[in-house]
Amino acid sequence: MSHEDMEKIIEKLEKKKSKKEAVLEVGSVLDLLPSFYVEMKNSPVSVDIPEGFRASFSSLLVNEDNLGGLRSYVGKCSNYAERGRLDGFEAACWMRSVLQLLDDEFMDWDSVAPTSVEVTFHEDLEDIDEIIKDVSDEAPPVRSADVPDWVPDGHWWWSSPVRQDMSEEEKRTRIEYDHLDGVYDG
């Protein structure tokens, strides 16, 4: 992650915004984390995120203007996980991996007050993990070729569906259930 990229992220998080803007802005920042992670991982020299950036990023992400955006992203991940037996599983896995990268690589929880934000964040991740486990009995599998190459090996949720042998037809039927049942979503 270049110094320029870090500055852009900090600027986005520093900007005063409405609650609706915070949801969009924080979501866009979080969606950038995988590309920054890949950049760090693929660097020919060992690259660490500067502590100053991590501390600023962390405190800005959980401040009054941005915390709602973070909570919205976590809530969306949970909603996708709830729909995991149908069309939400892959999106839930993507967002859950982004949240894990956030926690493992980008957050400096020690620089953030209050600690209740961290506790709530980790409780929410545990809840999402439980939902993913619950829906894994019927969730459409994510084929290994469809798992993003940036996903670390420890992100178990991508391979958690019990029915790894689900046919493409059954998988498509589950994912496109609203179209096939004639449900109008508009």
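The values are calculated or read from the model by the stated rules, or taken from the named source; none is laboratory data. Keep in mind it's a predicted model, so treat the numbers as computed, not measured. Heavy atoms of the whole protein, side chains included, go into the accessibility calculation; ligands, DNA and RNA do not. Shrake-Rupley method; radii C 1.70, N 1.55, O 1.52, S 1.80 Å.
Couple of notes before you dig in:
- With Cα atoms, 0 to 90° folded angle of helix 115-135 axis to the chain main axis: 20
- 27 Å Cα cut-off, lysine pairs counted over the stretch 10-79 (separation 8 or more, or different chains): 8
- The share of accessible area on the chain that comes from carbon and sulfur is 49 percent, using a 1.4 angstrom probe.
- Identified option (computed percent of Cα pairs over 30 Å apart; candidates (1) 43; (2) 25; (3) 17): (2)
- Were the residues from Glu51 through Asp108 laid out at 0.36 nm apart, the gain over their Cα-Cα distance would be 19.7 nm.
- Over the stretch 11-113, Cα pairs under 8 Å with separation of 6+ residues give a relative contact order of 36 percent.
- The listed residues Arg83, Arg96, Arg143 rank as Arg83, Arg143, Arg96 when sorted by accessible area, largest first, using a 1.4 Å probe.
- Once the 1.4 Å probe is applied to the protein heavy atoms, the stretch 96-164 comes out at 48 Å² accessible per residue.
- With all protein chains modelled, accessible area of Leu13 [1.4 Å, Å²]: 0
- Calculated [θ] (222 nm, deg cm²/dmol) that DSSP helices of n ≥ 4 give over the chain, each run adding -39,500 (n - 2.57): -18500 deg cm²/dmol
- Of the whole protein surface, Trp94 contributes about 90 Å² of accessible area at a 1.4 Å probe radius.
- Tyr37 exposes around 30 Å² of accessible area when a 1.4 Å probe is run over every protein chain in place.
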